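What follows is a set of notes on a single structure, which appears directly below.
Nothing in this text is a laboratory measurement; each read-out follows from the coordinates by a stated rule. Predicted, not measured: the structure shown is a model, and the values here were computed from it. Quick reminder, even Gly has a Cβ in these numbers, built from the backbone with ideal geometry, and neighbours come from all protein chains shown.
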């Protein structure tokens with residue numbers, strides 16, 4: 001995984017292999033270790049919102065304001 005120079009923030013764009021997947025809405029943090037274990041990705045469509053919990057192991061790369069996943073959008077939907 002590519003470690004970002006700047007901290008990842010909520011609201012960062014999330015990109016699947018085949019296009020935009022949503023944005024980072026929250027982080028799931030292990031209470032004992034303080035390590036981020038999952039991202040909560042929020043998909044927004046015209047009238048509905050969906051949150052998908054994605055393990056950090058599915059992150060391919062992290063840029064300043066963007067997270068790139070190893071998954072395509074269909075694989076991401078299967079996590080929901």
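With labels modelled as points extended 7 Å from the Cα through the Cβ direction, what inter-label distance (nm, one decimal) is found for residue 48 paired with residue 28?
Inter-label distance under the simple model: 2.1 nm.
Put a dot 7 Å past each Cα toward the Cβ at residue 40 and residue 77; how far apart are the dots in nm?
2.3 nm
If I build a Gaussian network model for the chain, linking alpha-carbon pairs within less than 10 angstrom, which residue out of 14, 35, 24 has the largest mean-square fluctuation?
Maximum among the listed residues: 35.
Grab the alpha carbons of the chain, take their convex hull, and tell me the volume per residue in Å³.
Roughly 93 Å³ of hull volume per residue.
Only helical DSSP H runs with n ≥ 4 go in: add -39500 (n - 2.57) per run for the chain, normalise by residue count and round the 222 nm mean residue ellipticity to 500 deg cm²/dmol.
-2000 deg cm²/dmol
So how much slack lies between residue 57 and residue 20, counting 0.36 nm per residue of separation and subtracting their Cα-Cα distance, in nm?
Gain on extension, residue 57 to residue 20, equals 11.5 nm.
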